[in-house]
Every structure is written in C-alpha cells, then in structure tokens.
Amino acid sequence: MTMPYYVAPEQVMKDRADYARKGIAQGRSLVAITYDDGILLCAENPSNTLHKVSEIYDRIAFAGVGRYSEFESLRILGVRQADVKGFTYSREDVDARSLANAYAQTLHQIFTHEMKPMEVEILVAEVGVRPDTDQLFRIRYDGFVIDEHGSSVLGGDPDTIADRLEPNLAETPDLGSAVRAAVDALAGPDRTLAAGDLEAAMLVRTDERRAFRRLPEERLTELLG
C-alpha cells in the first residue's frame, strides 16, 4: 500500500503566497494619494476600456492590480453588495470599512481553501468631509487588510515606488502636486509616462451624492505640464 503524498500546511501556504505575489508583481502599479479636495487614484494603464479604477458607490472607489479578470469579478461583487445594503437599509450604511472586510473574507476563503489563490491586490477608498476622515483600505491576496494613511501603493515593486513617492508628497497636496508625485513615483528615474499611459480618477470632496470623477487625458496633460 502506497503512502499518501504529504505536504506540510505551512509549505502549502508559503507556495500559494509566492505564487500570488509573483503574479501581482508582473502587473503595472497603482498609487492612491489623499489631497486637499479628495483622493487621487492613478495607475499605469494605457488601455481605454480595461479599467483598474472604478466607482463602487456614492463616495467609494475600487482599485485593483494583478490579474484583470479576477479583480474585475471582485469589483462586481462589491457593487452588488453595496447596492443591496444601501437599498435594504440606508445609503449612509454603505461604507469602505464594511466592504473591505467583505473583500478580506472572500480573499481569505479562496487563499486557504482553493488550489489557486487570486493574483490580485485591491484598494477600497472612501472620501470623507475632511482629509483626516478619508479611508484607504488595501486588501492583499490572502485577505489581510491594511489601513493606509495619506497614500497607498499597489502592485509592481511597491516598496521602491513608495520610497520615490514619499519625498515628493506634501502633507496636504493639491491635485496637481498629487498627480505629478504619483506619476514620478510610477515612472521612476529611467522612464517618462505621458497622459496616454495613465488611468486616473478622483473621489472629490463635494456635497453632491456621487463623488467619483475620471480625469480625461486632456486634463491629465494639463496637470502634468
């Protein structure tokens, strides 16, 4: 009788984590920055149709890096959950923290029980009435939630990009400064990113119900200039 093949649980988790990290690192990065009038979400993405940054609800945005089909399915899941909760209870009951927790549970369940983990890292952002009330929740492939403050970097080489971002980031920058700092950090010293290479959107600190706005290429070119 042959003995069943055994792999230690620690090794299984390590192999899954390595697999997910390698997949995420191959994708292009994304930067989120809190500025004086809202939250900027800027990603290296030349596609006009495959969006990394999208609206989930009134004042909440979603951003993802890694395998597009996987974080797109997570975005749709979040939109449905937010709509159901807002319709069942109140629109004010839908917040970034509860959505981040729901995403964390889903990703953790897949990471621990499925053969292949999701090769994604996502961000849930909610704009507040003041910069100190903005919320940025980064959720890793294994469901670990990180509460970010001021800025967040996803995908690619996040440590290197964060190191480039920090010196150029004022405490409460305006939109133009935030865009230039984000693009310089994404590009690095050896490249130049034009507006056509980027996808950018913002959550505007406004009295209107919906806060999500996309930055068109013409406006990005103006801000970068």
- Query: Do we have any residue at all in region 194-211 that's farther than 21 Å from D132 by Cβ, in contact with a strand residue (DSSP E or B) (Cβ under 8 Å, 6 or more places away or on another chain) and free of Cβ contacts under 8 Å to residues at least 60 places away in the same chain?
  - Reply: no
- Query: Out of all the residues in region 120-138, is one or more under 23 Å from G27 (Cβ atoms), part of a loop (DSSP other than H, G, I, E, B), in contact with a strand residue (DSSP E or B) (Cβ under 9 Å, 6 or more places away or on another chain) and not hydrophobic (A, V, I, L, M, F, W, C)?
  - Reply: no
- Message: Cβ contacts < 9 Å: first residue free of Cβ contacts under 8 Å to residues at least 60 places away in the same chain, restricted to region 3-29; second residue aliphatic (A, V, I, L, M), any location; separation 6+ or different chain. Result?
- Response: D15/V7
- Item | Residue ranges of strands (runs of 3 or more DSSP E) in region 1-77 with at least 1 members under 13 Å from the mean Cα position of the chain (by Cα) and on the phi > 0 side of the Ramachandran plot | 60-66
- Could you give every pair whose Cβ atoms fall below 8 Å, whose first residue belongs to region 146-166 and is more than 22 Å from D190 (Cα to Cα), and whose second residue is at pLDDT 90 or above and aromatic (F, W, Y), counting only separations of at least 6 or pairs across chains? I146/F137; D147/F137; E148/F137
- Would you confirm whether any residue within region 21-44 is modelled with pLDDT of 95 or more, more than 15 Å from L154 (Cβ to Cβ), among the aliphatic types (A, V, I, L, M) and surrounded by 14 or more Cβ atoms within 10 Å (Cβ to Cβ)? no
- Message: Residues that are acidic (D, E) and within 22 Å of P173 (Cβ to Cβ): does region 113-123 have at least one?
- Response: no
- Counting only residues in region 157-185 that are farther than 21 Å from R130 by Cβ and of a type in the set (D, E), the one surrounded by the most Cβ atoms within 10 Å (Cβ to Cβ) is identified as D184
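The values are calculated or read from the model by the stated rules, or taken from the named source; none is laboratory data. From a predicted model like this one, the values you see are computed outputs, not experimental measurements. We place every Cβ from the backbone using ideal geometry, glycine too, and count neighbours over all the protein chains shown.
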